[in-house]
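Below you'll find the structure, written out as structure tokens, and then a few comments.
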Number of protein chains: 2
Amino acid sequence: MTFLDRLAAICGPDHVLTGADTDRWSRDWTGMYSGRPLAVVRPADTAQVAALLSLAHDTGTPVVPVSGLTGLTGGAHAPGQLMLSLDRLNRIRRIDPAGRIAVVEAGVVIARIHEAAAEHGLIFPLFFGARGSAMIGGALSTNAGGSNVLRHGNTRDLCLGLEVVLADGRVMDLMSELHKDNSGLNLRQLVIGAEGQLGVITAAVLKLKPMPRAYATALLAVPALRDALALLNRLQEETGGAVEAFEYMPRNYVDGYLQEVPGARPPFADAHDHVILVEIGATAPRDATPLPDGTIPVVAQLEQALAAMMEAGAVLDALVAQSETQRRQMWAMREAAADIHRHWLPQVESDVCLPLDRVADFIDLTLPRIRAYDPDATELTVAHLGDGNIHHVVMPGRDDPALSDRIRETVEDVVQELGGSFSAEHGIGKEKLATMRRRKDPVALEVMRAIKAALDPKGILNPGKVIPAADGQG
Amino acid sequence: MTFLDRLAAICGPDHVLTGADTDRWSRDWTGMYSGRPLAVVRPADTAQVAALLSLAHDTGTPVVPVSGLTGLTGGAHAPGQLMLSLDRLNRIRRIDPAGRIAVVEAGVVIARIHEAAAEHGLIFPLFFGARGSAMIGGALSTNAGGSNVLRHGNTRDLCLGLEVVLADGRVMDLMSELHKDNSGLNLRQLVIGAEGQLGVITAAVLKLKPMPRAYATALLAVPALRDALALLNRLQEETGGAVEAFEYMPRNYVDGYLQEVPGARPPFADAHDHVILVEIGATAPRDATPLPDGTIPVVAQLEQALAAMMEAGAVLDALVAQSETQRRQMWAMREAAADIHRHWLPQVESDVCLPLDRVADFIDLTLPRIRAYDPDATELTVAHLGDGNIHHVVMPGRDDPALSDRIRETVEDVVQELGGSFSAEHGIGKEKLATMRRRKDPVALEVMRAIKAALDPKGILNPGKVIPAADGQG
């Protein structure tokens, strides 16, 4: 029996794909990671995943787990390798509206969880652009972030329980619905964000939250980025921590938006150096129920707060959305980042995180340092400012891989000097393996290797990613 | 040079204690775990901790890390062993009010962090009875809970960064201030709650939060515990998630309080079966600033919500604190648990967690099942209901260790049937090692053992606790 026959004996022949049938899995969303896998195997349930991994372990076959293929760092790249697709594990097993949990399988698309929760007036507060194709297994494996981390945390903060198939096919049952569970090592948080290095996530228990009944959304212009943190802190206090998003767009971002996006209009009469999108979510009827004159209390509250801030000179200008249409326009500007820099080639893209009070330092330091050796370099910045998370793209002055590498190292230098991380929410995958080696605490790397070796002694799970090898071979 | 001389060469002779000088470390808060350690060594800084562990590793000497000795499961019990006390690592290195973080060493007493944060109008939202002597290192090692987990999470949710000395003395630097950091395995969350099995925490970066400007606190009587979850969900929506505590006291708890605590007075004119203490924290001036008539808006808001619930029959009676004195009286009733059952001997104490909607099932099932074989058994229950966390004490009908063991197993059976955990917030330590073996997913135990062996191959860190040995001897 060939290896493919053995796969087919587990999943059925229809679910072992090769050749042109694997087209869908042969390039990812970024287009940067392409190549035909040896085969794609599509198990139907946890038992089949376990049988497949047991076979892979026995035969020493590398396995690349994959769900929605929307990762940004090549974590599911598998040219010539066996891909284990979780897309058929796609059941929402249960929604418990009173306990506010959803029990889902790894292959459920995130937007489906949103829809299922909405039927009960609840949200699953994980929102990012790819939510219509990204699956929860991948979001958990990469600890995905998005626009609502400020209020609700990353994916790891939204997960109560997990089912994991280990490298050798053993099934680890951590499917807890509990908000407290101090029973030994926290293996759930170890597997979340491990990008498939320690096991394959097959199911999860997720937290749901009340759906905001109204939003107050505004664009603000501020005199200096350095003052923005005080504004955020003040808005958090004013709203009891209901700030859902606090997003930063500098002048060149707004300019890029106006140039690149058809129909885009300037948000303010004057051009401003620093624009912030802020959104408050109101779950309380007293904040969300329109008054007799049509005013929505949470919107009025934000207007008053901003008026006071303008009075004090902390805000130069402000525009509060008066309708859902206006709110969507504001978000469209924020979400246009990929459109703005899509023509930038080559580009050096970074997803970095800084201490909240060092974001302005990062922006002040980085481009001048690059321009010292590449005077024509251009920069685009947009940030989840409330999290200290900057998406940063540099277009070098010329197409030269060595120059791009140098720029990448400069960005990493500044991040390291300021106590930041070279990966905020996109993960490591293949793309940042060299950076991990250069920048991560060496003892932490040793510990990661020791844990990897303990749980996947043959190194079959998603090899060549995330954890750089000790010998420098990567 | 003797082993003690070598310890003294690292820390100075004044900081290696033996004999009567170790009295303070020879019994813990519970009084259940006593016995003189071989020696207590009190390093001054991380470098000394590293040198001590390096020595212990080279010589194969077991080491028991200890900070405030306020654990409830014997996690720091070290008769005849070497205790490594973190109490001299007691510096608050930095408070950053804008970034809302505190950088502290492991031996800082939690109440000192509260005081330091309060100077900036901030809180470190970890509150439990022992906060005046418990140290942050121990709280992190045990992932301590307390009264505000509902709003702010457990200790692990309040920690951004960690410094850890590994079993062989290597120092792992995870001292991040970042709110997002997806750079490989999450080693911080692995070490938090590991009860000293994987390394010794020497420093941490903690999150601070805005200090509530006012509280609204009330006692409610509800017709059925089963309905309480709907009340909590409604109060969360009404307040935008500002419920800080939702604590349950059944009738026998209130009766015990009235009998055992001098000066205690009945909260309501009528006796009720189910009493809940609820507290809302208001950070917004609009909620906290007294109106011209002296009314505090958040208090009025809670009164209105409760009035509506009484109208609907969901609440039978309610008492809203009108002063800080009244608020403290309400909390005093909740915090009297230890006083109420202090004379119960023997007692079988459990700290269990249930899915939020199964708490009532646990209470309905447990005592009847025990009384089937021990008709005189008595029960005391008090719960962090918003977290599904029940502190449960049974006084058996007679003093018979076999009967106590049977009761413990019955409680565990019910917890397991309902999808709960046998340890919510107190951890495993020595006390629950046998329970871990019986009840924890066996694959999860295998994974814990593999990680322990990978990071502490000689098994010198806090041996004989938390992770039961594979051979049944542990």
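Only the coordinates and a few stated rules stand behind these numbers; no lab work does. Just so you know, these numbers come straight off a predicted model, no measurement behind them. Quick reminder, even Gly has a Cβ in these numbers, built from the backbone with ideal geometry, and neighbours come from all protein chains shown.
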Item to check | Low-density loop cleavage sites - trypsin sites (Lys or Arg not before Pro) in the stretch B:285-386, where at most 13 other Cβ are within 10 Å (DSSP) | outcome: B:342
Next on the checklist: Out of all DSSP beta bridges in the protein assembly as shown, what portion is antiparallel? Express it as a percent rounded to 5.
Outcome noted: 85 percent
Checklist entry - Counting Lys +1, Arg +1, Asp -1, Glu -1, what net charge surrounds residue B:263 among other residues with beta carbon under 15 Å of its beta carbon? => result -1
Checklist outcome for this item: Quick note, the stretch B:305-369: a/c under 1.5 would make it rounded; otherwise a/b > b/c is prolate and the rest oblate (a ≥ b ≥ c, C-alpha gyration tensor); here it is oblate
Next on the checklist: Given the DSSP H assignment, sum -39500 (n - 2.57) over each helix run of at least 4 residues in the protein assembly as shown and divide by its residue total; what's the result at 222 nm in deg cm²/dmol, nearest 500?
Outcome noted: -9500 deg cm²/dmol
Checklist outcome for this item: Rounded to whole angstrom, the alpha-carbon centroid of the stretch A:290-350 lies from that of the stretch A:68-107 at a distance of 33 Å
Checklist entry - Shape of the protein assembly as shown from its Cα gyration tensor (a ≥ b ≥ c, root eigenvalues): rounded if a/c is under 1.5, otherwise prolate when a/b > b/c, or oblate? => result rounded
Checklist entry - Which residues' amide hydrogens lie under 5 Å from the amide hydrogen of residue B:159, considering only partners 5 or more residues apart or on another chain, with H built in the peptide plane? => result B:207
Checklist entry - Most exposed first by the Cβ proxy, i.e. fewest other Cβ within 10 Å, how do B:324, A:446, B:163 rank? => result B:324, A:446, B:163
Next on the checklist: Let me spell out the model: positive unit charges on the Cβ of Lys and Arg, negative unit charges on the Cβ of Asp and Glu, origin at the Cα centre of the stretch B:378-474. What dipole size does that give, in debye rounded to 20?
Outcome noted: 420 debye
Next on the checklist: Distances in nm, one decimal, shortest first, from residue B:290 to the same residue in every other copy, taking the label point 7 angstrom along Cα→Cβ.
Outcome noted: 3.8
Item to check | Relative contact order, percent, the stretch B:53-95 [alpha-carbon distance under 8 Å, six or more residues apart] | outcome: 39 percent
Next on the checklist: At 7 angstrom along the Cα-to-beta-carbon line, where would the label on residue A:416 sit relative to the other copies? Give the distances in nm, shortest first.
Outcome noted: 5.0
Checklist entry - What residue among B:362, B:403, B:299 has its Cα farthest toward the positive end of the dipole of the stretch B:288-422, where the charges are +1 on Lys, Arg and -1 on Asp, Glu, each on the Cβ? => result B:299
Next on the checklist: Could you derive backbone 3J(HN,Hα) for the stretch B:297-309 from the dihedral phi with the Karplus parameters 6.51, -1.76 and 1.60 (θ = phi - 60°), listing whole Hz in sequence and x where the residue is Gly or Pro?
Outcome noted: x, 5, 5, 4, 4, 5, 4, 5, 4, 5, 4, 5, 5
Checklist outcome for this item: Exposure-ranked with fewest Cβ neighbours within 10 Å first, A:452, A:207 stand as A:207, A:452
Item to check | Prolate/oblate/rounded call for the stretch B:37-84, Cα gyration tensor, a/c under 1.5 rounded | outcome: oblate
Checklist outcome for this item: Surrounding charge for residue B:409, neighbours by C-beta under 11 angstrom, Lys/Arg +1, Asp/Glu -1, total +2
Checklist entry - Taking every DSSP beta bridge that has both residues in the stretch B:56-110, what percent is antiparallel when rounded to the nearest 5? => result 50 percent
Item to check | ³J(HN,Hα) computed for each position of the stretch B:369-386 - Karplus, 6.51 cos²θ - 1.76 cosθ + 1.60, integer Hz, glycine/proline x | outcome: 5, 5, 5, 4, 10, 9, x, 8, 4, 10, 10, 10, 10, 8, 9, 7, 4, x
Checklist entry - Among B:113, B:85, B:126, whose Cα sits farthest toward the positive end of the charge dipole of the stretch B:75-130 (+1 at Cβ of Lys/Arg, -1 at Cβ of Asp/Glu, about the Cα centre)? => result B:85
Checklist outcome for this item: Expected integer from the mean partner chain Cβ neighbour count at 10 Å over B:240-246 is 4
Next on the checklist: For chain B, give me the percentage of DSSP beta bridges that are antiparallel, rounded to the nearest 5 percent.
Outcome noted: 85 percent
Checklist entry - In nm, one decimal, shortest first: how far is the label point of residue A:324 (7 Å from Cα along Cα to beta carbon) from the matching points in the other copies? => result 4.6
Next on the checklist: Quick check on the exposure proxy: order B:465, B:440 from fewest to most C-beta atoms within 10 angstrom.
Outcome noted: B:440, B:465
Checklist outcome for this item: To the nearest 20 debye, the stretch A:136-211 has a Cα-centred charge dipole, built from +1 on Lys and Arg Cβ and -1 on Asp and Glu Cβ, of 300 debye
Checklist entry - Normalised by the residues of chain B, what does the relative contact order come to in percent, with Cα pairs under 8 Å and at least six apart? => result 15 percent
